[in-house]
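The values are calculated or read from the model by the stated rules, or taken from the named source; none is laboratory data. Quick caveat: nothing in here was measured; it's all calculated off a predicted structure. We place every Cβ from the backbone using ideal geometry, glycine too, and count neighbours over all the protein chains shown.
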Amino acid sequence: MEIRLIDIRKHFGPVKANDGITLTVPAGTIQGILGENGAGKSTLMKILSGYQHADAGRIELDGRPVHMRSPADAIRHGVGMLHQDPLDFPPMRVVDNLLIGAPGRLIPQRREAVSAVAGLAGSLGLSIDLKAEVGSLTVGERQQLELLRLLWLGARVLILDEPTTGISARQRQELFDTLRRLAAQGKTILFVSHKLEEVEELCTRVAVLRQGRLVGEALPPFRVERLVGMMFEREVTPGERFACTPGKTLLRLAGLGAEHGRIRLEGLDLEVKAGETIGLAGMEGSGQSLLLQTCAGLRPVTHGRIYLDGADLTGKTYRQFKKRGVAYVPATRLEEGLIPGLSLADHFLLTENKPGFFINRERGRRTAEERIARFNIKGTPTSPVESLSGGNQQRALLALVEPGSKLMLLEHPTRGLDVESVIYLWSKLKERCGRGEAIIFTSSDLDELLRYSDRILVFFAGRVSEPLDAATTTVDELGELIGGASRSGDPVDAVSAWPGGDGRAPDDAGCHASGAPENGDA
Amino acid sequence: MDGATLVIGLAGVLTAAAPLVVATIGETFAERAGVINLSVNGTILLSAMGSFVVAVSTGSLVLAFIAGALIGALVALIVAFGSITLRQSQVAIGFVLTLFCRDLSYFLGNPFMGEKGPMLSVHPIPLLEDIPVLGTMFFKQDVMTYFSFVLIAGAWWWIFRTRPGLVLRAVGERPEAAFARGARVKLVRYAYTTLGGALVGLAGPMYSLSVKAGWKGTISGLDGLGWIVLAIVIFGAWNPVRVALGAYLFGLLQWLSVVLQPHLQGIPSQVLQVAPFPLMILTLLFVNIGNAEWVERVLAALPERPRKAVARAIRALRVVQPRSLGVPFEQD
């Protein structure tokens, strides 16, 4: 189905989210929609899929003008949207989830729905357990399920909003293969992303948005510098690898063991030197977060010992870890990191830990102003944190880490941020390394791991590799290790976690709802 | 106690628990849609008083029950308007309404205190009533008790087997996703909150015209039951069948506290009277035992077979509340 968006306009207050966008997408294409955070990609897609109404402009499908009043209306016209966090019902059975919103009689025909969707899945080479509960599936599987549901309902246009966030590398490959197959069948795919390499790999056309306007289109082969130039109005270069001069041993793990749910770490030995950055690689939920949380004193140590600066911290509480300079920054910004409703100044007052009963608002405002300037946060001391954009929330979280910490434990510090913010954040983090702080972080971005780590630990199927030297490891090597290959013989038997390791792992990162609905969506 | 007395006693439990069954299923509908109607306690009192007055004045039981349902629906409509349209706190609205309705029922019911009103009569079902044991328990009841039996099955079938029931669950679980699938979230919430209120309203006359016939103001013995209803809905995991079992359990405990009184001379009667309430709380805790971390640990130590069986049992008992319960829906 051919899509024509004509002069789409939408503003929220004074902000022009879409400022007259005209775009034609021919049938059978995989159209990339690129743009940094806040460029208007999501708004445009929400208008096309009926979630929001344009202030002005028209939408034509196959030359026919259409008016989408609601998402349900859009799917009747053949337009379906796959959200970053799948809009499904985790505690329900897959079949019930499929039937919600599907037309039909009073008593739903469960068996027919299942066989139809199973047939669709088979034709696309996907395999989903249709008898399972939605919550027991991984984010990647839930995405596949949504995709199948939309196709089952007759979608001919599929919009995918940042679909690769939080899914494994293998699932990403499956997704891309499926999308290519669908495009070959004449379906039109709109792929929204800020990850250039994904757009490069998958898309057959690219449109770049900036500040609510369409600033350019491109056909393959794409020139990355040109796309980046269009996105940011200037060239952004990631800069050189940072070299570190490791100091004395800061953190020492001796035969560390820990467990949470079905994930278990055993006999892990590691020494982290001052100024060093350690990257934790691996499929989501292979124990990386458990290691971070154990090092932060948030989860009990079952075996072995943790030493910080020579002092034995085994069995001490989170408060004591914190007092000795361990800072933990969780992945979910608004759930665990920041407190919605409180302003930036309130946050700094809350963390400063000064004695006294009354708070000094003036001091809070001054601290906030100083940190806002230093961390380049777009906001004021009185801005509630939830009003900040994702990138600014992340900067605020890091600004909250008191200067003078020794060890920073970061969970997906740059997830969902655009290239420019990533570079800025790391330059700030590396400054701190220069002052002798050490960093341990998790990431699912291989380039990020290789560029910013000094050493990398790979978590796979219940094992942790020996530390790899990031400077001499290539992306392909790292990818293979994460996928289960071993480098120079067997990985050292340091950790045993859940059995299997097929990507259907229990997850400690809260990234997919593993059975328990309370940790459903982020 | 001989067999016949026991059967009659149990039949009495079914009758006495019927209003609780109807009210809990009504509240289940509302909460499945995402709205907590906390006004249940006040609603039951107000509809008990209101329908008793209607019955005394008109002599018509049918009109009395219609009045009860209308009162319940009207109170629920206030909760719905406040929480769905005005997006105010459901807890605050429900709480204030429950206190208001209670005092209003005592005030307005004052002139009718102690009057003699009509009562629901038993309508045995021919042939079925002759079945031994079961006939006496299930088929020698009044119309509203039969209604409560039908309601349990009907509500379960509606919620878990029909398409509108699926939409109802979707709306209470994740309204934004339900909206994306074409559900009219606010309409669904209004409809089920009002329907639920009407059912809660029927519980009133079931007390004042049958189970605890008459209106005796503050000593009617109805104050507090509404809170039990709210607890049973949680214990019953928002499932009509489990909710009904909870109501029957409470009825049974109340009956036992009366029957056992002569045999337990050492225990003050007041203790026996209030015993059903803490026992309900203990049951609630027991049902949710699977949520505790130490249980998981104990389970892990068990051998494979019993572990799986126990885990399955705990999972079946576990209560998972509709995720958007009490959360207003904003559509952007």
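Restricting A:Lys323, A:Lys273, A:Lys316 to residues that are under 28 Å from A:Leu450 (Cα atoms), of a type in the set (Lys, Arg) and modelled with pLDDT of 85 or more narrows the list to A:Lys273.
Go through (1) modelled with pLDDT under 90; (2) more than 10 Å from chain B (Cβ to nearest Cβ) one by one and return the number of the condition A:Ile21 breaks. Among (1) modelled with pLDDT under 90; (2) more than 10 Å from chain B (Cβ to nearest Cβ), the lone unmet condition for A:Ile21 is (1).
For the subset of the stretch B:139-150 comprising residues that are part of a helix (DSSP H, G or I) and surrounded by fewer than 21 Cβ atoms within 10 Å (Cβ to Cβ), which member is nearest to the other protein chains (Cβ to nearest Cβ)?
Going through the qualifying residues, I end up with B:Val150.
The requirement of being farther than 21 Å from B:Ala11 by Cα and not aromatic (Phe, Trp, Tyr) is not satisfied by B:Leu225. Within the stretch A:60-106, if we keep just the residues that are within 9 Å of chain B (Cβ to nearest Cβ) and assigned to a helix (DSSP H, G or I), the residue that is farthest from A:Lys46 (Cα to Cα) turns out to be A:Asp96. Among the conditions (1) under 19 Å from the mean Cα position of the chain (by Cα); (2) outside any helix (DSSP H, G or I); (3) of a type in the set (Lys, Arg), B:Arg242 misses just one, which is (2). In the stretch A:118-133, the residues that are closer than 18 Å to A:Asp96 by Cβ reach residues that are of a type in the set (D, E, K, R) with C-beta atoms within less than 8 angstrom, at least six apart or across chains, in these pairs: A:Ile128/A:Glu141; A:Lys131/A:Arg93; A:Ala132/A:Arg93; A:Glu133/A:Arg93. B:Gln254: assigned to a helix (DSSP H, G or I), surrounded by fewer than 17 Cβ atoms within 10 Å (Cβ to Cβ) and within 21 Å of the chain's Cα centre (by Cα), yes or no? Taking the combined requirement at face value, the residue does not satisfy it.
Of everything listed in (1) closer than 20 Å to B:Ser105 by Cβ; (2) within 14 Å of another protein chain (Cβ to nearest Cβ); (3) of a type in the set (Lys, Arg), the single unmet condition for B:Lys216 is (2). Applying the criterion of being part of a helix (DSSP H, G or I) and touching a Leu at 6+ places or on another chain (Cβ under 8 Å) to the residues of the stretch A:308-331, the residue that is surrounded by the most Cβ atoms within 10 Å (Cβ to Cβ) is A:Phe321. Here A:Pro103 clears all of (1) free of Cβ contacts under 8 Å to residues at least 12 places away in the same chain; (2) over 30 Å from B:Leu168 (Cβ atoms) except the condition numbered (2).
Criterion applied to A:Leu410, A:Leu449, A:Leu457, A:Leu417 was being among the hydrophobic types (A, V, I, L, M, F, W, C), closer than 26 Å to A:Glu198 by Cα and assigned to a loop (DSSP other than H, G, I, E, B), and the one residue passing it is A:Leu417. Please work out which residue is nearest to B:Gly326 (Cα to Cα), limiting yourself to the stretch B:154-184 and to residues that are more than 9 Å from chain A (Cβ to nearest Cβ) and over 24 Å from the mean Cα position of the chain (by Cα). Result: B:Pro175.
Could you check the stretch B:7-33 and list, in sequence order, the residues that are more than 23 Å from B:Lys186 (Cα to Cα) and crowded, with 24+ Cβ neighbours inside 10 Å?
Applying the first criterion (more than 23 Å from B:Lys186 (Cα to Cα)) to the stretch B:7-33 yields B:7-22.
B:Ala17, B:Ala18, B:Pro19, B:Leu20, B:Val21, B:Val22, listed by residue number.
Applying the condition of being surrounded by fewer than 16 Cβ atoms within 10 Å (Cβ to Cβ) and either in contact with an Asp or Glu (Cβ under 8 Å, 6 or more places away or on another chain) or not in a loop (DSSP other than H, G, I, E, B) (or both) to the stretch A:478-507 and asking which residue is modelled with the lowest pLDDT yields A:Val492. Out of the residues in the stretch A:279-301 meeting the condition of being modelled with pLDDT of 85 or more and touching an Asp or Glu at 6+ places or on another chain (Cβ under 7 Å), tell me which one is surrounded by the most Cβ atoms within 10 Å (Cβ to Cβ). Within the stretch A:279-301, the match that is surrounded by the most Cβ atoms within 10 Å (Cβ to Cβ) is A:Ser289.
Scanning the stretch A:174-228 for residues that are closer than 15 Å to A:Gly28 by Cβ and charged (D, E, K, R) gives A:Arg180, A:Arg181, A:Lys187, A:Arg205.
In the set A:Ser421, A:Ser443, A:Ser453, which member is modelled with pLDDT under 85 and not β-branched (Val, Ile, Thr)? Being modelled with pLDDT under 85 and not β-branched (Val, Ile, Thr) holds for just one of A:Ser421, A:Ser443, A:Ser453, which is A:Ser421. Quick one: A:Leu265 ticks every box in (1) under 23 Å from A:Leu400 (Cβ atoms); (2) under 27 Å from the mean Cα position of the chain (by Cα); (3) outside any helix (DSSP H, G or I) except a single one, so which number is it? Against the list (1) under 23 Å from A:Leu400 (Cβ atoms); (2) under 27 Å from the mean Cα position of the chain (by Cα); (3) outside any helix (DSSP H, G or I), A:Leu265 comes up short only on (1).
The residues listed here are B:Phe112, B:Phe100, B:Phe65; of these, the one that is surrounded by 15 or more Cβ atoms within 10 Å (Cβ to Cβ), within 26 Å of B:Thr15 (Cα to Cα) and either modelled with pLDDT of 95 or more or hydroxyl-bearing (Ser, Thr, Tyr) (or both) is B:Phe65.
Scanning the stretch A:181-217 for residues that are in contact with a strand residue (DSSP E or B) (Cβ under 9 Å, 6 or more places away or on another chain), among the small types (Gly, Ala, Ser) and under 19 Å from A:Arg4 (Cβ atoms) gives A:Ala183, A:Ala207, A:Gly212, A:Gly216. Scanning the stretch A:11-45 for residues that are surrounded by fewer than 23 Cβ atoms within 10 Å (Cβ to Cβ), of a type in the set (Lys, Arg) and either closer than 22 Å to A:Leu61 by Cβ or not assigned by TED's automatic domain parsing to the domain that holds A:Glu217 (or both) yields no hits at all. Selection over the stretch B:47-62 of residues that are surrounded by fewer than 24 Cβ atoms within 10 Å (Cβ to Cβ) and either within 30 Å of B:Glu330 (Cα to Cα) or among the polar types (S, T, N, Q) (or both) gives a count of 3. Residue-level analysis places A:Gly50 outside the set of residues that are away from chain B (no Cβ under 14 Å) and buried (at least 19 other Cβ atoms within 10 Å of the Cβ).
When the stretch A:107-134 is filtered for residues that are assigned to a helix (DSSP H, G or I), out of contact with any Asp or Glu (no Cβ under 9 Å at 6 or more places or on another chain) and of a type outside the set (A, V, I, L, M, F, W, C), the ones remaining, listed by number, are A:Arg111, A:Glu112, A:Ser115, A:Gly119, A:Gly122, A:Ser123. If you go through the stretch A:362-386 and keep only what is within 18 Å of A:Glu402 (Cα to Cα), among the small types (Gly, Ala, Ser) and either crowded, with 18+ Cβ neighbours inside 10 Å or in contact with a strand residue (DSSP E or B) (Cβ under 9 Å, 6 or more places away or on another chain) (or both), you end up with A:Gly364, A:Ala368.
Residue by residue, here is whether (1) buried (at least 17 other Cβ atoms within 10 Å of the Cβ); (2) at pLDDT below 90; (3) assigned to a helix (DSSP H, G or I); (4) assigned by TED's automatic domain parsing to the domain that holds A:Ile21 holds:
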{"residue": "A:Leu151", "(1), (2), (3), (4)": "yes, no, yes, yes"}
{"residue": "A:Gly154", "(1), (2), (3), (4)": "no, no, no, yes"}
{"residue": "A:Arg172", "(1), (2), (3), (4)": "yes, yes, yes, yes"}
{"residue": "A:Leu175", "(1), (2), (3), (4)": "yes, no, yes, yes"}
{"residue": "A:Ala183", "(1), (2), (3), (4)": "yes, no, yes, yes"}
{"residue": "A:Ile189", "(1), (2), (3), (4)": "yes, no, no, yes"}
{"residue": "A:Val206", "(1), (2), (3), (4)": "yes, no, no, yes"}
